[in-house]
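Below is one structure, written out as structure tokens, with a few remarks after it.
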Amino acid sequence: MIDSLTLGEIKIGFIGCGNMSSAIIKGMVQAKYDPKNISVSNRSVEKLHSIQKELNIGITQNNSEICENALVIVIAVKPQMFATVCEPLRNIDFSDKLIISIAAGVKTSQISAFLQHESAVIRAMPNTPSVISEGATGLFANTKCNQQQKDIAEKIFQSVGKTAWVKDEDQINTVTAIAGSAPAYIYLFMQAMVDQAVSLGFNAKDARTLITQSFIGTAKLAQFKSDIQLDDLRQAVTSPGGTTFEAIQSFKNNNFSEIVKEAVNAAYNRGVSLGEAGEEGKPL
């Protein structure tokens, strides 16, 4: 039973050894979680041996072994593989276990259906900066989860960044749209700035350095001054008639805000459709 154990005593197993699960495991080890209580399964023996050599965790190619031995199981596979991965696990008793899924679009009810067991399930939506412990993760727990299980999930993902809980599962789609997909939006914006700098005769490497640092510094300022509205922070560096003012006017004239809103909505709607497809038994 999880209730009677401290976090350091709980065995946590990962199904899938991709970039995200590897990042989470590394974050946990760096946060002083005992690697002897962490195990991971994967089809690739090469990946397993590599992460075992680096972190001294348990490895196996048997997903059932992970589920039998761990009290917390993190399923880190692609959405389209989720049902296939769960099918051989249906005979396992998940009564005292916590299932954490990081698969986009797969609802907690679907996870229980795939496993044919009414389990404690938490959905997590981390993003790629988790690989350097600067991630942003949204979390949702079904009604089977107790507070200690929620605390465990929170501590796992706080080892790779910041976390936020949502009360409505549909809001995980919003998390996907504003955080899960956000790195791609930011890279796109940064690349456009680099490209324009180069077209103005600037060195590409130096442009990337300056632009990257500007994003890092601005994000840290926004975090440090979290009591100030973002628009107020923007206005503080936008002097009427100045260079920044002209750039902002250009953004406004080209409906920049509406473009961003449409992009976020597109990501949100795709998340909704993934969930609906799964409920209808269609490929995710």
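Computed from the coordinates by the stated procedures, all read-outs in this text should not be read as laboratory data. Just so you know, these numbers come straight off a predicted model, no measurement behind them. Cβ coordinates were reconstructed from backbone atoms using ideal geometry, including for glycine residues, and neighbour counts include every protein chain displayed.
Things worth noting here:
- Percent of Cα-Cα distances greater than 17 Å, calculated over the stretch 210-258: 47 percent
- Gain on full stretching of the segment that runs from Gln213 to Phe251 - 0.36 nm per residue minus C-alpha separation: 11.5 nm
- Mean-position separation - Cα centroids, the stretch 75-129 and the stretch 28-56, in angstrom: 20 Å
- The ratio of the alpha-carbon radius of gyration of the stretch 88-219 to the globular-protein estimate 2.2 N^0.38 Å is 1.37.
- DSSP loop trypsin sites (Lys or Arg not before Pro) with at most 12 other Cβ within 10 Å excluded, longest remaining stretch of the chain: 168-284
- With Cα atoms, 0 to 90° folded angle of helix 204-224 axis to the chain main axis: 70 degrees
- Full-stretch length increase - Asp227, Lys53 - with 0.36 nm per residue and alpha-carbon distance subtracted: 58.2 nm
- Computed about its Cα centre, the charge dipole of the stretch 1-114 is approximately 360 debye, with only Lys, Arg, Asp and Glu carrying charge at their Cβ.
- On Cα atoms only, tilt of 243-253 relative to the major axis of the chain in degrees: 70 degrees
- Counting only DSSP beta bridges whose two residues both lie in the chain, roughly 15 percent are antiparallel.
- Rg in Å to one decimal, and Dmax rounded to a whole Å, for the stretch 2-168 via C-alpha atoms: 14.3, 40
- Rounded to the nearest 20, the size of the Cβ-charge dipole of the chain about its Cα centre is 540 debye, with Lys and Arg at +1 and Asp and Glu at -1.
- Over 24 Å apart at the Cα level, from the set Lys11/Lys144; Lys26/Lys205; Lys11/Lys155; Lys162/Lys220, are Lys26/Lys205.
- For the stretch 133-284, the alpha carbon positions stretch 57, 36, 30 Å along the principal axes, listed from largest to smallest.
- Counted residue by residue at 0.36 nm each, then reduced by the alpha carbon distance between them, the extension gain from Lys78 to Glu134 reaches 17.9 nm.
- Scattering curve values for the stretch 9-72, log₁₀ I(q)/I(0), Debye with Cα scatterers, q = 0.23, 0.25, 0.28 Å⁻¹: -0.90, -1.08, -1.35
- Binning all Cα-Cα separations of the chain at 5 Å, short to long from zero, yields these whole-percent fractions: 1, 5, 10, 14, 17, 15, 11, 9, 7, 5, 3, 2, 0, 0.
- Rg/Rg_ref, the stretch 182-267, where Rg_ref = 2.2 N^0.38 Å and atoms are Cα: 1.19
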